[in-house]
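Worksheet for the structure shown next.
No value in this document is a laboratory result; all are computed from the given coordinates. The model shown is predicted, which means the values in this text are computed figures rather than measured ones. Cβ sites come from the backbone with ideal geometry, for glycine too, and all protein chains shown count toward neighbours.
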Amino acid sequence: MGCLHLESIKPSLDEDLNLGCAEKDRKALLEFKEGLNDFSGWLSSWEGKDCCKWRGVGCNKKTGHVIKLDLKNPSCYNVEQGDRASYNKSCLSGKINHSLFHLKQLNYLDLSMINFGGISIPEFIGSLENLKYLNLSNACFAGEIPPHLGNLSRLHYLDLHGLSYVCDFSRVYANNLQWLSGLSYLKHLDMGNVDLSKVGPDWLEAFNMLPTSMAELHLPSCRLENLPLSLPFVNFSSLLVLDLSHNFFNSSIPLWLFNITSLINLYLSDSHLQGSIPNKFANMISLQELDFSGNPFMGGEIPKSMGTLCKLKRLDLYSNSITGEITNFVDSLSSCTKSSLEMLDLGGNKLSGHLPDSIGYLKKLRSLRLYRNSFWGSIPASIGNLSFLIELVISENQMNGTIPESVGQLSELVMLDLSVNSWEGVISEVHFLNLTRLEEIYISLKSPMKSLVFHSRNVWIPPFSLKSIMVDNIKIGPSFPPWLQTQKKLVEIELHNVGISDTVPDGFWKLPDIKYLDLSNNQIRGRLPNWMNFSKAEIIYLSFNLFSGPLPVNIGEIMPRLKVLDLYGNNLNDSIPYSIGKLKDLVSLFLSNNQFIGELPGFWKGLQNLQILAIANNNLTGNIPGSMGFLHSLELLLLNNNNLDGELPLSLQNCINLDTIDLGENRFCGNVPNWIGESLLSLSILRLRSNLLSGNIPRQLCQLSSLHILDLANNNLLGLIPHCLGNLTALVSGSNNSISSENENIIVVAKGGAQEYSSNRVWLVGSIDLSSNKLTGEIPEDITSLLQLGTLNLYMNSLTGKIPEKIGNLKMLETLDLSRNQLSGSIPQSLSSLTFLSHLNLSHNNLCGEIPLGNQLQTLIDPSIYEGNLALCGPPLVAKLCPAPIVRGTNGETEYDSEMLWFYVSMALGFLMGFSGVF
């Protein structure tokens, strides 16, 4: 990232003499080594008399004194983020021994990426007065930076960057920066991720006092605030790189920045900057790289004066709130006779308008990123003039015009991303005429209207060799594109909803490098062959097609790396292959909505990573195998609508991460197990409806604090409804978070019928359905505390007693079905306070008295919802109006209660309000 050349501060070694290392220095190094853990053997060479030959050690060959200690291990920087085990094996750790204090001639010290476990930076380092280079970055230090570092008056390079993904403690901080004034020869300073929030509002003054020779100043993620808009003077006359990104300035861009005419790189990303880019940017004629990315508060239009930056090589304004049209801005940039711009990133803003023809004058552009804005219209034909362009990204806009054929002239293009727009017209072979280096294509429409059509001849052989192609909602079919078989290097293929109604050519199944394949939402037919060569495949989506026949019996051998297998909604049949049990990395298995037969295999013990198992809506028989209890990572289990039987196996209690269980529409028998409530404490959805279950509803279910859908309907359950159901936390406070899966829906009986909720919306649903059982006793009053309950269905039981008086507390209730029970008493007046109620059925009970008036009840005018209650009266039971109370007027004449007159008026008004609410 930096531009500073360090040759001048590396130790110079005399080649004429070699006296070996000084004994005092050798002992100091060995003492330092004793405090370190070296599991990788990085310091294995630290043996023998001559320490000058040890790894990372450099000596003055005239005196033998150690002048350089570089313990930076390159393998530490290659460890993936979060991989602590690999870090511990590759990198040094331990304590920093004070013996380094004896290396008086040391002028180069690099201890970066050594895990020192959160200790403070030792003060003695400030006594190594010959140091010119000091790198303590990512070394897991904590605490305050010792001011003693200000004694290193010869220092040229200082790196205290504190960002490291293996450090679990608080970051390094500074309370003041006065010690910086002692570093009179400093050229490079990196304090990234050092907490400078305590320095105060005058933090910039300390840095402004650094020597005029400063070339690089890096202060990203320092919790800085209060960026001054003016300075009495600017001391950075030689500054090449200034990084103030990821801070909290909440200000406009200060004008003093534009007096630093030496700047090459300026980073202000994600620093909460506001306002527009000042016109004075025109003075920065030497600027080669500019980054304002991630400033969500930056507003205003881009000024035309940016066009005077004719030496600008990189302009990155990603992820801001920049508004306005792009035309004038690009016109100004292209006005340079020899534009140097190589990278233009305006992605993630609020820019709009057409893309101007002048964009074709930025002839040195190598990367053009305009994604996530509001551009519309067509791509200008002048785009073909950008002969150096490697990357073109115009995704996630409102582009609703055509794609010009001149795109085919971009001979250097490697990546073309035009996805998530509203393109029209035709793409043909001409659009790819000279794209010999193209490796990635992403083209998609926002809607499945297929207003963009891709035409190619059957004999077409593309000039490119793709690695990735992702095409959505574009008309390619009905034939499977034969040219795709010529692309032997393909790793990713997505042809989603492209109108293919053909069989897959044999050659396609032999592409050797496929890792990701999505052919979903087409009408592809045929069989999946046993001889397919997808040994590297990790994700396969073939859902919503017409594939038939059995699954390959050797699927576990031909696709051993599979993580996701989605075959939802096809015509696959026969039994589930036993070789699936060999897919050790499998995370998601979708086989629902097919025609599989036979019993569930017993191979589950080997699928330790499986999180989603969906085999609903098939013709499976037999018991759930006990080996499913080994699926300790399982979160979603959907086996509904099969012919499975037997009792629920006790081994499932080991699947403690289960969030959703749907075993409905089968023939399971026995009791609802107590262990569901005792072991599966993460359960959000429990659906066991339409089985042969018996016994009582276990009170242990009340312990499931995340449960928001409980469906035990259509069984043979007996006994009382547990009072403790009123304690279900998710239905009291709404704190539920169900697992989402790609295709699977959850069926909830509500509003008088079966409602399908997609997996990404089912968490909004709160439902208790205990209908069609043999439950007795009263409806618990406690159930009225479930404030998030949307459906309560107790239809066809043997419940007695009254409807709870506080039923009106259930403000979110949409469906209430208490029909075909033996309830008595009057209908609570509080029921009239439910404003979301759209389906009500209280029929065939022993209710009496007048039907309440008000709000939503006045829109529910179907008399059948109250029928079978012989003692009920009042509208909408027109034939059974309650008698009006008779009162005597003051003159002795008979008068009818005026409430009856107002009832008819209010009923009409209520109906009109409910009807308008629907609209």
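The lysines whose alpha-carbon is closer than 19 Å to the alpha-carbon of LYS563, local same-chain residues fewer than 8 away aside, are LYS515, LYS536, LYS582, LYS584, LYS605. Packing, taken as the mean count of other beta carbons within 10 Å per residue, orders the peptides 629-638, 382-391 from highest to lowest as 629-638, 382-391. If you fit an axis through the alpha-carbon atoms of helix 23-34 and take the longest principal axis of the Cα set of the chain, what angle between them do you get, 0 to 90°, nearest 10? Value to nearest ten degrees: 0. The residues neighbouring LEU652, those whose beta-carbon lies less than 14 Å from its own, together hold a net charge of -4 under the Lys/Arg +1, Asp/Glu -1 convention. Could you tally the net charge around VAL426, taking each other residue with its Cβ under 13 Å from the Cβ of VAL426, Lys/Arg +1 and Asp/Glu -1? Net charge in that neighbourhood comes out at -1. Modelled spin labels at LEU30 and ASN623, positioned 7 Å past Cα toward Cβ, are 7.0 nm from each other. For LYS806, a cut-off of 30 angstrom between C-alpha atoms picks up these lysines, skipping any fewer than 8 places away in its own chain: LYS751, LYS774, LYS880.
Bridgeable lysines around LYS68 (alpha carbons under 26 Å apart, same-chain partners fewer than 8 residues away excluded): LYS10, LYS24, LYS27, LYS33, LYS49, LYS53, LYS89, LYS95, LYS104, LYS132, LYS187. So for the range 327-391, what percent of the C-alpha to C-alpha distances run longer than 17 Å? That fraction is 36 percent.
Put +1 on the Cβ of each Lys and Arg and -1 on the Cβ of each Asp and Glu in the chain; which of TRP460, ASN37, VAL749 then has its Cα farthest toward the positive end of the dipole? My answer, from the dipole projection, is ASN37. A simple rule links phi to the HN-Hα coupling: the Karplus curve 6.51 cos²θ - 1.76 cosθ + 1.60 with θ = phi - 60°, which for the range 412-421 gives 9, 5, 10, 10, 10, 10, 10, 6, 6, 9 Hz, with x for Gly and Pro. Approximating the spin labels as points 7 Å out from Cα along Cα→Cβ, the THR261-to-ILE861 distance works out to 8.3 nm. Here the dipole of the chain is about 1840 debye; that uses its Cα centre as origin and unit charges on the Cβ of Lys and Arg (positive) and Asp and Glu (negative). Per-residue Cβ neighbour counts within 10 Å put CYS873, CYS167 in the sequence CYS873, CYS167, beginning with the fewest. Computed over Cα pairs, the Kirkwood radius of the range 674-726 leads via Stokes-Einstein (0.692 mPa s, 37 °C) to a diffusion coefficient of 288 µm² per second.
For the range 503-669, the antiparallel share of DSSP beta bridges with both residues in that region comes to about 0%.
Once the Cα atoms are used to define both axes, helix 898-918 deviates from the longest principal axis of the chain by about 40 degrees. Using only alpha carbons, the range 503-669 has a radius of gyration to Kirkwood radius ratio (Rg to Rh) of 0.96. Shape analysis of the range 709-881 yields a ratio of the Cα radius of gyration to the Kirkwood radius, Rg/Rh, of 0.97. Counting only DSSP beta bridges whose two residues both lie in the range 709-881, roughly 20 percent are antiparallel. DSSP assigns beta bridges within the chain; of those with both partners inside it, close to 10 percent run antiparallel.
With the convex hull constructed from alpha-carbon coordinates only, the range 493-563 shows a mean projected area of 4.2 nm² over all directions.
Ordered by the number of other Cβ atoms lying within 10 Å of each residue's own Cβ, fewest first, SER170, SER772 fall into the sequence SER170, SER772.
Put in order of Cβ neighbour count within 10 Å, fewest first, the listed residues THR337, THR835 become THR337, THR835.
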